[in-house]
Amino acid sequence: MSRHRTVADVMTIDVVTVDPTTPFKEIARMMDGFAVSGLPVVGLDDRPVGVVTQADLLPKEAHLEARPHHPLFELHAHKVERRKKLQKLAQGYFGAKSKLYRTMKEQVERSLNFAYRGRKIKKIDYRRLWIVRINAACRQNGISYSQFMAGLKKANVELDRKSLADIALHDASTFSMLVQQARG
């Protein structure tokens with residue numbers, strides 16, 4: 001290539017221009033026909049006013065939709081789902097515990113541990129309550145709790161503590177009959 005080459009050497013004589021009143025459909029057709037990505041806009045006095053590009057022809061939403069999906073975004077979709085799940089579990093927590101990922105994760109894990117332990121403690125507490133109720137009813141009938149439970153086992157009465165506590169609380173006469181069976 002020579003050093004003294006100018007724009008006039010590569011420029012075509014037939015310059016394609018559009019005026020400000022040209023419809024977008026016609027401009028798009030011209031760009032496709034001449035295989036160019038932009039056209040100069042010339043005013044009524046043949047002076048350049050600006051440039052129309054392919055990006056100007058697309059609506060603003062099309063720029064966002066036309067963006068290719070990056071494979072990394074698709075790979076990490078499960079992380080987004082996991083975060084949404086955590087946010088749902090952390091609803092109502094105070095401050096950073098419902099907003100920042102690490103503190104949210106720590107608080108949700110802590111809360112789930114408390115809930116798990118609470119479910120176990122609940123069973124223990126109910127068993128204690130049933131034993132207290134059965135023991136109170138046994139004492140009213142003149143027998144200890146341990147003697148009553150051992151007597152029921154010998155008499156082949158297969159009632160659990162929950163049922164026995166309910167009978168002791170709501171039906172004293174039936175419980176007295178069970179005490180008589182336990183005494184044997």
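The values are calculated or read from the model by the stated rules, or taken from the named source; none is laboratory data. Since this is a predicted model, take the numbers as computed values, not measurements. Methodologically, a virtual Cβ is constructed for each residue, glycine included, from the backbone with ideal geometry; neighbour enumeration extends over all protein chains shown.
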Considering every residue within the range 110-128, establish whether at least one is among the hydroxyl-bearing types (Ser, Thr, Tyr) and either in the same structural domain as LEU152 (by TED's automatic domain parsing) or exposed (fewer than 13 other Cβ atoms within 10 Å of the Cβ) (or both).
yes
Within the range 43-60, which residues are exposed (fewer than 14 other Cβ atoms within 10 Å of the Cβ) and either over 49 Å from the mean Cα position of the chain (by Cα) or under 16 Å from ASP14 (Cα atoms) (or both)?
GLY43, LEU44, ASP45, ASP46, ARG47, PRO48
How about the range 20-42: which of its residues are surrounded by 10 or more Cβ atoms within 10 Å (Cβ to Cβ), modelled with pLDDT of 85 or more and part of a loop (DSSP other than H, G, I, E, B)?
PRO20, THR22
Members of the range 148-167 that are polar (S, T, N, Q) and at pLDDT 95 or above:
SER163
Going through the range 142-161 in order, the residues found to be part of a helix (DSSP H, G or I) and surrounded by 12 or more Cβ atoms within 10 Å (Cβ to Cβ) are TYR145, GLN147, PHE148, MET149, ALA150, GLY151, LEU152, ARG161
Filter the range 92-102 down to the residues that are more than 20 Å from GLU81 (Cβ to Cβ) and assigned to a helix (DSSP H, G or I) and list them by number.
GLY95, ALA96, LYS97
